[in-house]
Amino acid sequence: MKTETEIEAIDAETVTAFEESFRGRVVLPDDEDYDEHRRIWNAMIDRYPAMIARCAGVADVIASVNVARENDLLLSVKAGGHNVAGNAICDDGLVVDLSPMTSVRVDPDRKTVRVEPGVTMGDLDRETQAFGLATPGGTVSTTGVSGLTLGGGWGWLSRRFGLTVDNLRSVDVVTARGELVHASEDENPDLFWGIRGGGGNFGIVTAFEFDCHEVGPTVLGGMVIHPFEDAADLLRFHREFTAEAPDECCCYAAIMTAPPAPFLPEEVHGTKVAALAPFYSGSVEAGEAVLQPLRDFGEPIVDMVQPMPYTALQQMLDEPQAPGYRNYWKSQMVDPLPDEAIDAVVERADTLPSPMSQIVLEHLGGAISRVEPDATAYRNRNAAFSFNVFSRWEDPAADEAHVSWAREFHAAMGPFSSDGVAVNFLSQEGDERVRAAYGDNHDRLVDVKDAYDPENRFRMNQNVTPSAQTDGGANREQL
């Protein structure tokens, strides 16, 4: 833990002038709530910025970018702070904290919603569902809309309505020069292309406008939990079921440790289980028929699939993803897994290193795959699934064991994986993995970077390095 004197200080005169121009609040290392504001979702990230600018509006964002540029300060951008890589927080520099900016404005006639960058998926869903509307994004309600969108964004609705970026109509962006620009298909289209999946490399988005769709308010979803000894058969069934599923149906699969929850028998608590998490976004009646084969398969420990509010579905996975734990992820796009891959998954999952660690197979395809790979910066659209190794624990002394387990598991799945990965699922993994996320779109992203951030001010991210620079190390493997 750093002390105040160990944090590289910003000149006092600069701080005073900045505070005088700032409508929000500037948090400094000697403030009593400094630790609260520098913490983010992943407890592995323990960084000490020299200044945290809690922005009240667009003018504050512009002032923050200007003070960082004029004083050559390292700059990071925090919205939801939920990303596993932890790039929202920097050491010794300026954190532009957007979390106080939480306006949501729904236009039910146009079926659109406009949100500020501090909004979470829970905030968004609460407002849009008041009108029976939703936009695709996320499976955890505490996820920030901003980071989710900038990395592409998918969720329960994406097989039917596409990625979050496929539903993005326009954005307002503060550039590295401190200018506010609007971007859409018709205005600054190169920037708009890059924003849709480019991971915050080109500026700070201060407003997002999305298309919405009629969803809910009641949908069909939940979990079906099976004994671990049936995991291989369950994953094979999941492979066949998802191959024929309509776009309205999304079904995740997972291997995890059963929580001490009242809906599970006590003898199951703390044991490994296999689970399916199905969802149907159309009518409940139609969904009952579509999901019935899944519910009939095998002898589940418990079947919790039921009609529920869409907002409840969006919060179903919140508790297993609560903040304050140490997290390291490895992820890769995969096609339907052959039998030998499923056997390898089950064998390695038998060694889950903690009760909070999981293996999750996220169901993609559908509308996601019907958009051309070069239509947006998000490229990897043709994979059927995202295969995720989520290592999660509490004790810092166990870091090496959990990180090693995740890496070894990921390497073992290499023969069954594609080259692609979603940028939102990257930990600190290096330039090669960033290029894997962007594939053939990477060179065009460099062109956009050269146009909007040639000095690489926005480099605390999965960085696209401008042509004039070499990587300063923001993407090097850290563990």
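Only beta bridges with both residues in the range 2-158 are counted; by DSSP, about 45 percent of them are antiparallel. How big is the gap, in Å, between the Cα center of the range 332-398 and the Cα center of the range 132-194? Cα centroid to Cα centroid, the span is 22 Å. Here Arg105 sits with roughly 150 square angstrom of accessible surface, probe radius 1.4 Å.
Need one word for the range 222-315: rounded, prolate or oblate. Basis is the Cα gyration tensor (sqrt eigenvalues a ≥ b ≥ c); a/c below 1.5 gives rounded, then a/b vs b/c decides.
Taking the square roots of the gyration eigenvalues as a ≥ b ≥ c, the range 222-315 is oblate.
Given axes a ≥ b ≥ c from the Cα gyration tensor, I'd like to know whether the range 295-406 is rounded (a/c under 1.5), prolate (a/b larger than b/c) or oblate. It comes out rounded by the Cα gyration axes. Compute the angle between helix 442-452 and the longest alpha-carbon principal axis of the chain, please, reported from 0 to 90 degrees and rounded to the nearest 10. So the inclination is approximately 30 degrees. For the range 79-121, report the % of Cα-Cα distances exceeding 14 Å. For the range 79-121, the share of Cα pairs beyond 14 Å comes to 58 percent. Max-minus-min Cα coordinates of the range 1-128 on each principal axis give 54, 33, 24 Å, with the largest extent listed first.
The C-alpha atoms of the chain define a longest principal axis, and helix 399-412 lies at about 60 degrees to it. Of the beta bridges in the chain, as assigned by DSSP with both residues counted there, near 85 percent are antiparallel. Helix 58-70 axis versus longest C-alpha principal axis of the chain: approximately 60°, rounded to the nearest ten.
If you roll a 1.4 Å probe over the heavy atoms of the protein chains, what accessible area per residue do you get for the chain, in Å²?
Accessible surface, normalised per residue, equals 39 Å².
Note on the chain: with neighbouring protein chains present and a 1.4 Å probe, carbon and sulfur make up 47 percent of its accessible heavy-atom surface. Each stretch of four or more DSSP H residues adds -39500 (n - 2.57); spread over every residue of the chain, this sum gives -7500 deg cm²/dmol at 222 nm. Label the range 371-479 by shape, choosing from rounded, prolate and oblate, from the square roots a ≥ b ≥ c of the eigenvalues of the Cα gyration tensor; if a/c is under 1.5 it is rounded, and otherwise prolate applies when a/b is larger than b/c, oblate when it is not. Judged from the Cα gyration tensor, the range 371-479 comes out oblate (a/c at least 1.5, b/c at or above a/b). Could you tell me which of the pairs Lys78/Lys330; Lys78/Lys111; Lys78/Lys449 are separated by over 26 angstrom between their Cα atoms in the structure shown? The answer is Lys78/Lys111. The relative contact order of the chain comes to 15 percent, based on Cα pairs under 8 Å that sit 6 or more residues apart.
Accessible area of Tyr378 (1.4 Å probe, protein heavy atoms only, ligands and nucleic acids ignored): about 10 Å².
The values are calculated or read from the model by the stated rules, or taken from the named source; none is laboratory data. Just so you know, these numbers come straight off a predicted model, no measurement behind them. With ligands, DNA and RNA removed, areas are computed over all heavy atoms of the protein, side chains included. Shrake-Rupley method; radii C 1.70, N 1.55, O 1.52, S 1.80 Å.
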